Protein chains: 2
Amino acid sequence: MSSKRCAACKQLRRRCPSDCIFLPYFPPNNPQRFSFVHRIYGASNVGKLLQQVQEHQRADVADSLYYEAYCRIKSPIYGCVGIISILHQEIDRLERELAKVQAEISLVKGQTQIEGHLAQGQQVELSSSSFDLSIITTPWFY
Amino acid sequence: MSSKRCAACKQLRRRCPSDCIFLPYFPPNNPQRFSFVHRIYGASNVGKLLQQVQEHQRADVADSLYYEAYCRIKSPIYGCVGIISILHQEIDRLERELAKVQAEISLVKGQTQIEGHLAQGQQVELSSSSFDLSIITTPWFY
């Protein structure tokens, strides 16, 4: 047995070949990472899931399997589906909040337009007054 | 072998006892449901995950395991972690959109206040004009 065995081969008490499928993704200094995926999926299934994708995609497979296993251990009923549910609730809340604020902005813009029209009306009135003023202030005796 | 075997016992070609852990959650009319979790976790691990929670929680465990297995089969690299990532991006987008609209509403409200103050100033001016008018229109020769 090599001293450079990966976490998987160490826990499974077996020789770690140089082309071990677990070696790059389950280093010996992080035994919990393998322990979690082993507990939820079993080493054989993790190996199969890594094998079925291309080499450059395996780190992402290992990371996402570890994340799902971690969630399942912390939350045995819902696993990471509980997180998906919480995120959907958060999206619903934000969409409602956004709709509320958008309705508010439409209302404020509408009010501003009405006030603008009223102000224009007032200006017209003011102009009329000025006009009247010019007539009234024209001395009648000129 | 009973004809009422669950999907798990049917696929594993074994007798289905009346207290079978899979029976209530993997009915024979939905073989894909068991097939998916078996492919990702293995029947033994699914059984263990069901056993470790209380009976009333097992339907949720079976549903969430099926959902995760379904996601992993459809998306072998990221599984349902890919969905979590997409939902986080959607939350970020909505939060940015909300911040933008909230900034816009603050701006519109600020403008409305300024216009309100200006309109008040105009009214004061208008009152002054009216006042002036009363003076001016008072015939100087009275």
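The values are calculated or read from the model by the stated rules, or taken from the named source; none is laboratory data. This one's a predicted model, so the numbers in the text were calculated from it and none came from an experiment. Cβ atoms come from the backbone with ideal geometry, glycine included; neighbour counts cover every protein chain shown. SASA here: full protein model, heavy atoms, side chains in, ligands and nucleic acids out. Shrake-Rupley method; radii C 1.70, N 1.55, O 1.52, S 1.80 Å.
Here are the numbers for this structure:
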quantity: Proximal charge balance of A:Ile21 [Cβ under 14 Å; K/R count +1, D/E count -1]; calculated: +3
quantity: Within-14-Å neighbourhood charge of A:Leu87 [Cβ basis; K, R +1; D, E -1]; calculated: -4
quantity: FRET efficiency estimate (nearest 0.05) - Cβ-Cβ, A:Gln102 to A:Gln52, R0 45 angstrom; calculated: 0.50
quantity: log₁₀ of I(q)/I(0) at q = 0.18 Å⁻¹ - region B:33-82, Debye sum with one point per alpha carbon; calculated: -0.53
quantity: Gyration tensor verdict on region B:1-95 (Cα atoms; rounded if a/c is under 1.5, prolate if a/b is larger than b/c, oblate otherwise); calculated: prolate
quantity: Relative contact order [Cα under 8 Å, 6+ residues apart], region A:1-54, whole percent; calculated: 32
quantity: Candidate aspartates and glutamates for bridging to A:Lys109, where Cα separation is under 15 Å - those fewer than 8 sequence places away on the same chain excluded; calculated: B:Glu104, B:Glu115
quantity: Positive minus negative residues near B:Glu104 (Lys, Arg vs Asp, Glu; Cβ under 13 Å); calculated: +2
quantity: Whole-Å distance, taken between Cα centres, linking region B:39-114 and region A:7-49; calculated: 27
quantity: Accessible-area value, B:Cys71, 1.4 Å probe, nucleic acids and ligands omitted, Å²; calculated: 10
quantity: Candidate aspartates and glutamates - alpha carbon under 19 Å from B:Lys48, same-chain residues fewer than 8 apart omitted; calculated: A:Glu68, B:Asp19, B:Asp60, B:Asp63, B:Glu68
